[in-house]
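This report refers to the structure that appears directly beneath it.
The values are calculated or read from the model by the stated rules, or taken from the named source; none is laboratory data. These numbers were taken from a predicted model, which means no experiment stands behind them. Cβ placement follows ideal geometry from the backbone for every residue including glycine, while neighbour counts extend to all protein chains displayed. What goes into the accessible areas is simple: the full protein's heavy atoms, side chains included, and nothing from ligands, DNA or RNA. Shrake-Rupley method; radii C 1.70, N 1.55, O 1.52, S 1.80 Å.
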Amino acid sequence: MAGRVQGKVALITGGASGIGLGCAERLAQEGAVIVISDIQDDKGREAVEALRAAGATADYLHQDVTSEEAWIETIGKVKALHGRLDILVNNAGIGLSGPVTDFSLADFKRQMAINVDGVFLGMKHSLPLMREHQTGSIINISSIAGLKGSPNMSGYCATKGAVRLMTKSVAMECANAKDGIRVNSMHPGIIETPIWDTIIGTGGPGDNARPQRDLALDALTETAVPLGVKGFPLDIANGVLWLASDESRYVTGAEMVIDGGLTVR
């Protein structure tokens with residue numbers, strides 16, 4: 001089936017890499033107009049160039065998702081460019097780990113600002129534009145860490161648990177308003193993305209730590225995931241595509257888990 005989101009305008013935060021980029025590519029393949037926002041400007045522009053080369057309509061916007069002013073500006077630009085917004089993928093996030101006794105308050109607040117404030121602001125400022133056309137799908141990227149606890153991940157789990165319940169609350173607001181907008185959360189398991197550099201602790205910004213990280217991620221996958229393999233951004237993007245499309249018209253306030261069976265082990 002082709003053109004499952006044909007002509008729909010999609011904004012993907014943190015879309016320059018990882019799951020966000022996978023979502024942008026998959027939605028574009030099915031006919032969506034893509035707007036990527038990120039703070040990784042070079043990667044964001046490269047992603048848009050690749051999407052355009054493949055025939056998609058795509059734009060890149062610099063955006064700090066923790067800033068309300070930046071959200072107002074971003075939504076204003078989306079409206080000026082395309083006149084509407086049909087799909088919001090609240091994907092921008094970071095993963096910081098450490099024992100609760102050692103985890104700094106500064107890191108806790110920074111992670112909260114990006115992972116939770118960014119999602120809240122995204123919904124707050126996207127809904128009015130979506131409501132102009134009485135249709136829309138908001139997909140908030142949570143995590144299996146929003147469903148179950150993990151040692152040394154208290155701050156991250158707190159953010160992803162917040163995204164999970166905030167999603168359900170706004171889904172009920174939209175349902176009560178009969179505005180045609182559905183709101184759901186996505187809960188990835190172990191997915192091959194750069195976020196594992198900080199969660200596993202094998203690398204920092206700019207480090208060439210990929211081989212060591214990959215070995216650690218593969219070992220974790222073999223022991224933790226029933227299917228025995230890690231996921232890739234495309235696995236999550238396929239789920240996002242379904243939630244963004246009219247095929248999921250009767251789904252709101254739900255949590256989609258894509259984790260190779262990890263949470264049910």
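Once the piece of chain linking residue 68 and residue 179 is laid out straight, how much longer is it, given 0.36 nm per residue of separation minus the C-alpha distance between them?
37.6 nm is the gain from fully extending residue 68 to residue 179.
Within the accessible area of the chain, what % is carbon and sulfur when the probe is 1.4 Å and the other protein chains stay in place?
Of all accessible area on the chain, carbon and sulfur atoms account for 55 percent.
What residues qualify as long-range amide H neighbours of residue 59, i.e. H under 5 Å apart, gap of 5 or more or another chain, H built at 1.01 Å from N?
34, 35, 36
Residues with amide H under 5 Å of residue 253's amide H, sequence separation 5 or more or different chain, H placed in the peptide plane at 1.01 Å from N; which?
183, 184
I need the phi-derived Karplus couplings for the stretch 138-143: 6.51 cos²θ - 1.76 cosθ + 1.60, θ = phi - 60°, integer Hz, Gly and Pro marked x.
Ordered by residue, 3J(HN,Hα) equals 10, 10, 9, 7, 9, 5 Hz.
For a quick check: with amide H placed at 1.01 Å from N, whose amide H comes under 5 Å from residue 231's, ignoring anything fewer than 5 positions away on the same chain?
190, 191, 192
Calculate how steeply helix 68-82 sits against the longest principal axis of the alpha-carbon atoms of the chain, using the helix alpha-carbon long axis, and give the answer as 0 to 90 degrees to the nearest 10.
Taking the Cα atoms of the chain, the angle to 68-82 is about 50 degrees.
Most fluctuating residue of 120, 232, 103 in a GNM of the chain with Cα springs under 10 Å: which is it?
So, out of 120, 232, 103, the one fluctuating most is 103.
Rounded to the nearest 20 debye, what is the charge dipole size of the chain about its Cα centre when +1 sits on each Lys and Arg Cβ and -1 on each Asp and Glu Cβ? Please report the intermediate quantities before stating the final value.
Details: 24 positive and 30 negative charges, 143 e Å.
Dipole magnitude for the chain comes out near 680 debye.
Between residue 6 and residue 106, 0.36 nm times their residue separation minus their Cα-Cα distance comes to what?
Length gained, residue 6 through residue 106: 31.7 nm.
Mind listing the phi-derived Karplus ³J(HN,Hα) values for the stretch 147-161, rounded to whole Hz, using 6.51, -1.76 and 1.60 with θ = phi - 60°, and x for any glycine or proline?
Each residue's phi maps through the Karplus curve to give 10, 8, x, 9, x, 6, 10, 4, x, 5, 4, 4, 5, 6, x Hz.
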